[in-house]
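Student: My questions will all concern the structure given below.
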Amino acid sequence: MTPGERRQLASIRDALHRLVSYDDESVTHEEWIRQRYDGGYAATYRPARTAAVVTAWHEAGHVVAALAAGARFSSASIRQGASSQGRVHAIRGGGRDAFVIDAAGQIAERLRDWTMLTDDEELRRWLKTWRGDGGDAKHFRAAITTDELTAWRLAEQVLTPRRLAIRLIARALLVHPSHLPYAVASALYQEGNPVSEPSTTPAPAS
């Protein structure tokens, strides 16, 4: 970790400590709110704030899944642009767990407000509608070696115990007005992850 990254990590830790009693929308840095409002991506500050929070959880899901799978990336950001609301940049690796990384954004969004699709038929119907999503849906389907439902449930098994780590990364993305480098995200993940590593996806039932 570079000196600059250490300073960044210390600043984020301090902000998270000061704002520990506030909800996610209340800790969102004004940069992310204004960026969405000024760019015409939200009509008022309220939807801009909510969109930033949802995006932060989505990208935090990708970050946590990548770190759990031993994958590398350059940085994570919730800066909205014309084609995306945020991104985890240059993910490399993941091996047979790469599909978990692809599913992680959507799963993390559902973990945020506990709207998991526990009924298999309901999940099957939703999966049929899942398209695009910045390429996540396409990459998920290309990476799986079993049926979509089974793969999704395996991804949920990896990510659900890591909800606290996802929340920590999401809040770090919200309080910090810039991208999170890999080293900073990794350090925060180690602090917030209660699951022993290394982790791999459970094997499908035979």
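Student: When a/c is below 1.5 the answer is rounded, else prolate if a/b is larger than b/c, else oblate, so apply that to the stretch 103-203 with a ≥ b ≥ c taken from the square roots of the Cα gyration tensor eigenvalues.
Tutor: prolate
Student: Can you bin the stretch 1-102 into rounded, prolate or oblate? Criterion: square roots of the alpha carbon gyration tensor eigenvalues sorted a ≥ b ≥ c, rounded for a/c under 1.5, prolate for a/b above b/c, oblate for the rest. Could you put the intermediate results ahead of the total?
Tutor: Numbers: a/c = 1.95, a/b = 1.31, b/c = 1.49.
It is oblate, given that a/c is not under 1.5 and a/b is not larger than b/c.
Student: What FRET efficiency, computed as 1/(1 + (r/R0)^6) with R0 = 22 Å and r the Cβ-Cβ distance, is obtained for ARG18 and ALA183, rounded to the nearest 0.05? Don't jump to the answer; show the numbers that get you there.
Tutor: On the way: r = 23 Å, r/R0 = 1.03.
Efficiency, rounded to the nearest 0.05: 0.45.
Student: Turning to a different aspect of this structure: Within the set of other residues whose C-beta is less than 14 Å from the C-beta of GLU59, count the net charge using Lys and Arg as +1 and Asp and Glu as -1. List each step's numbers first, then the result.
Tutor: Numbers: positive: ARG79, ARG87, ARG112, ARG167, ARG171; negative: ASP24, ASP102, GLU109, ASP133, ASP136.
Result for the neighbourhood of GLU59: 0.
Student: Mean residue ellipticity at 222 nm from the helices of the chain, using -39,500 (n - 2.57) per DSSP H segment of n ≥ 4 over the full residue count, to the nearest 500 deg cm²/dmol?
Tutor: Numbers: 10 runs with 123 residues, N = 206.
Dividing the helical sum by the residues of the chain leaves -18500 deg cm²/dmol.
Student: With charges set only on the Cβ (+1 for Lys and Arg, -1 for Asp and Glu), what does the dipole of the chain come to about its Cα centre, in debye to the nearest 20? It would help to have the intermediate numbers written out before the result.
Tutor: Details: 26 positive and 24 negative charges, 86 e Å.
With only Lys, Arg, Asp and Glu charged at Cβ, the dipole is about 420 debye.
Student: Let me ask something else about it. Using the Cα centre of the stretch 3-190 as origin and beta-carbon charges of +1 (Lys, Arg) and -1 (Asp, Glu), tell me which of LEU173, HIS62, SER11 is placed farthest towards the positive end of the dipole.
Tutor: SER11
Student: Given a cut-off of 32 Å, what percent of all Cα-Cα pairs of the chain lie beyond it? Working shown, then result.
Tutor: Working: 2880 of 21115 pairs.
Considering the chain, 14 percent of its Cα-Cα pairs are separated by more than 32 Å.
Student: When a/c is below 1.5 the answer is rounded, else prolate if a/b is larger than b/c, else oblate, so apply that to the stretch 20-65 with a ≥ b ≥ c taken from the square roots of the Cα gyration tensor eigenvalues.
Tutor: Numbers: a/c = 2.51, a/b = 1.41, b/c = 1.78.
Judged from the Cα gyration tensor, the stretch 20-65 comes out oblate (a/c at least 1.5, b/c at or above a/b).
No value in this document is a laboratory result; all are computed from the given coordinates. Bear in mind that the values here come from a model prediction, so they are computed numbers and not experimental data. Glycine gets a Cβ as well: all are built from the backbone with ideal geometry, and neighbour counts include every protein chain shown.
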